Amino acid sequence: MFGQQTLTKNIQHDGMDRSYIIYIPESYNASSNTPLLLNFHGYTSNATEQMVYGDFRKIADEEGFIVVHPEGTLFNGQTHWNVGGWTLGSTVDDVGFTDQLIDEIAIEYSIDLDRIYATGMSNGGFMSFLLACQLSNRIAAIASVTGSMTPSIFNNCDPQHSTPVLYIHGTSDNVVPYTGALWTKDVEDVLEYWGLKNECDEDAVLSSIPNNDTSDGSTVEVISYLNGISNTEVVHYKVIDGGHTWPGTLFNTPGTNQDFDASEAIWEFLSQFDINGRIDMETSLEEPLEENATIQIFPNPSSSFYSINFDKIPSHLDYTLSDPLGRIIKSGVFNNKNEVLDLTEFASGNYLLQIGRQQIILIKTD
């Protein structure tokens with residue numbers, strides 16, 4: 001059993017000395033396979049800054065996953081990830097470095113190779129998209145904060161499996177423009193690409209995050225493309241009037257949205273998936289819902305009450321209802337073939353209802 005550790009390590013790749021910081025939660029046990037999150041820093045930043053700025057350590061302690069903060073190399077005197085676009089002159093193979101880094105970590109620690117995720121800030125967000133395109137045999141799902149896809153990433157993307165994507169971006173980002181530029185794709189183009197690639201529903205489900213901090217000058221819309229291959233999703237947190245920042249960070253620079261914590265939202269999203277798609281959640285029932293059982297829910301969408309009818313059901317069937325951030329907001333037990341679920345008190349948006357092993361999206365309207 002390891003104690004809580006933060007270690008700086010080095011590996012050799014392509015004749016270069018590459019470094020990274022690894023955070024091992026106190027709960028780590030070598031006898032159990034542990035998820036791995038790669039957290040990439042932004043352009044000119046470094047692994048230490050990203051570990052603090054886009055901080056997952058407390059969440060890793062609570063949820064039991066390892067966080068690795070890789071360090072970029074110098075390009076024109078600044079740390080970077082080679083993602084094309086403004087880094088076209090770079091010759092560093094950061095995809096190969098990441099591939100080797102995963103191998104090195106998997107040798108030393110018990111890693112769940114089906115649950116390796118990538119996230120990052122700005123240039124690190126671009127890097128996450130690059131890995132989804134060029135290292136998808138190892139990356140289960142990604143999240144980008146203020147990043148995007150360069151034209152070279154976009155035009156040469158070849159994911160080997162449907163890839164869940166969480167995309168957080170401010171509409172007033174003055175570093176990576178929301179509407180794109182010659183060197184970066186429009187956010188909507190990126191969402192459309194992954195929605196089509198994953199074969200998600202064409203129509204998005206729209207919801208919003210409560211405006212908990214009215215002083216931050218921004219609000220958040222959530223745009224969700226659901227029901228992709230293997231139940232994958234593409235979800236966009238559109239931070240209206242938000243800047244080039246990590247929402248919820250303690251470093252509350254101008255343009256930072258404080259209505260939600262990006263680190264929490266990212267882990268809540270990523271942790272739902274492995275490399276094969278959405279993870280089947282275990283039910284607490286001694287007798288599982290029969291595979292051929294039918295659940296009918298109507299109306300859906302609804303502004304208040306949902307009728308839930310079962311054709312076959314064992315007694316005492318547990319359910320949970322999760323909000324757009326993945327937080328369980330309601331739970332209970334179904335005992336009858338005909339039940340009613342009341343969502344009157346909740347805001348409009350999409351909610352995930354887990355009944356036994358089955359999951360249903362409920363759409364709540366005003």
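Can you find, within the range 28-58, the residue that is surrounded by the fewest Cβ atoms within 10 Å (Cβ to Cβ) among those that are hydroxyl-bearing (S, T, Y) and assigned to a helix (DSSP H, G or I)? It would help to see each step written out before you state the result.
Narrowing the range 28-58 to residues hydroxyl-bearing (S, T, Y): 28, 31-32, 34, 43-45, 48, 53.
Adding the requirement that they be assigned to a helix (DSSP H, G or I) leaves 48, 53.
Values: T48: 14, Y53: 18.
Step by step, filter the range 28-58, then rank; the result is T48.
Restricting to the range 225-235, name every residue that is surrounded by fewer than 22 Cβ atoms within 10 Å (Cβ to Cβ) and either aliphatic (A, V, I, L, M) or in contact with a strand residue (DSSP E or B) (Cβ under 6 Å, 6 or more places away or on another chain) (or both).
Residues satisfying the conditions are L226, I229, S230, N231.
Would you confirm, using the coordinates I've provided, whether Y167 is surrounded by fewer than 20 Cβ atoms within 10 Å (Cβ to Cβ) and within 23 Å of V95 (Cα to Cα)? Break it down stepwise before answering.
Details: surrounded by fewer than 20 Cβ atoms within 10 Å (Cβ to Cβ): no; within 23 Å of V95 (Cα to Cα): yes.
It is false that Y167 is surrounded by fewer than 20 Cβ atoms within 10 Å (Cβ to Cβ) and within 23 Å of V95 (Cα to Cα).
Filtering the range 344-359 down to residues that are within 24 Å of the chain's Cα centre (by Cα) and hydroxyl-bearing (S, T, Y), which residue is surrounded by the fewest Cβ atoms within 10 Å (Cβ to Cβ)?
Among those that are within 24 Å of the chain's Cα centre (by Cα) and hydroxyl-bearing (S, T, Y), it is S348.
Looking only at the range 114-124, decide whether some residue is surrounded by fewer than 24 Cβ atoms within 10 Å (Cβ to Cβ) and over 25 Å from K185 (Cα atoms). Outline the logic, then answer.
As a first pass, look at the range 114-124 and keep what is surrounded by fewer than 24 Cβ atoms within 10 Å (Cβ to Cβ): 114-115.
From what is left, the residues that are over 25 Å from K185 (Cα atoms) are 114-115.
Scanning the range 114-124 turns up at least one residue that is surrounded by fewer than 24 Cβ atoms within 10 Å (Cβ to Cβ) and over 25 Å from K185 (Cα atoms).
Which of (1) touching a strand residue (DSSP E or B) at 6+ places or on another chain (Cβ under 8 Å); (2) in contact (Cβ under 8 Å) with a residue 60 or more places away in the chain does V83 not meet, given it meets every other one?
(1)
Quick one: would you say S128 is out of contact with any helix residue (DSSP H, G or I) (no Cβ under 6 Å at 6 or more places or on another chain), assigned by TED's automatic domain parsing to the domain that holds I168, in contact (Cβ under 8 Å) with a residue 24 or more places away in the chain and surrounded by fewer than 24 Cβ atoms within 10 Å (Cβ to Cβ)?
So S128 fails the test.
Can you work out which of the residues in the range 294-304 that are surrounded by 13 or more Cβ atoms within 10 Å (Cβ to Cβ) and of a type in the set (A, V, I, L, M, F, W, C) is modelled with the lowest pLDDT?
Going through the qualifying residues, I end up with I295.
If you check E199, E221, which single one turns out to be surrounded by fewer than 22 Cβ atoms within 10 Å (Cβ to Cβ) and either modelled with pLDDT under 95 or out of contact with any helix residue (DSSP H, G or I) (no Cβ under 6 Å at 6 or more places or on another chain) (or both)? Talk me through it step by step, then tell me what you get.
On the way: E199 fails: either modelled with pLDDT under 95 or out of contact with any helix residue (DSSP H, G or I) (no Cβ under 6 Å at 6 or more places or on another chain) (or both).
Result of the check over E199, E221: E221.
So, in the range 217-253, how many residues would count as being among the hydroxyl-bearing types (S, T, Y), touching a residue at least 40 places away in the same chain (Cβ under 8 Å) and closer than 20 Å to D323 by Cβ? Talk me through it step by step, then tell me what you get.
The first filter runs over the range 217-253 and keeps only residues among the hydroxyl-bearing types (S, T, Y), leaving 218-219, 224-225, 230, 232, 237, 245, 249, 253.
Still in the running and touching a residue at least 40 places away in the same chain (Cβ under 8 Å): 218-219, 224, 230, 232, 237, 245, 249.
Then keep just the ones that are closer than 20 Å to D323 by Cβ; that gives 218-219, 224, 232, 237.
Going through the range 217-253 one residue at a time, the tally reaches 5.
Being among the charged types (D, E, K, R), touching a strand residue (DSSP E or B) at 6+ places or on another chain (Cβ under 9 Å) and exposed (fewer than 15 other Cβ atoms within 10 Å of the Cβ), is that true of even one residue in the range 328-343? If you could, list the steps in order and put the result at the bottom.
Here is the first cut: in the range 328-343, the residues among the charged types (D, E, K, R) are 330, 337, 339, 342.
Then drop every residue that is not touching a strand residue (DSSP E or B) at 6+ places or on another chain (Cβ under 9 Å), which leaves 330, 337, 339, 342.
Cutting the leftovers down to exposed (fewer than 15 other Cβ atoms within 10 Å of the Cβ) gives us 337, 342.
Yes, the range 328-343 has at least one match.
Given the residues D103, D61, which is the only one that is surrounded by fewer than 20 Cβ atoms within 10 Å (Cβ to Cβ), outside any loop (DSSP other than H, G, I, E, B) and touching a Pro at 6+ places or on another chain (Cβ under 6 Å)?
Numbers: D103 fails: touching a Pro at 6+ places or on another chain (Cβ under 6 Å).
On inspection, the qualifying residue turns out to be D61.
The values are calculated or read from the model by the stated rules, or taken from the named source; none is laboratory data. Note that the structure is predicted; figures quoted are calculated from it, not measured. Glycine also receives a Cβ, built like all others from the backbone with ideal geometry; neighbour counts cover every protein chain displayed.
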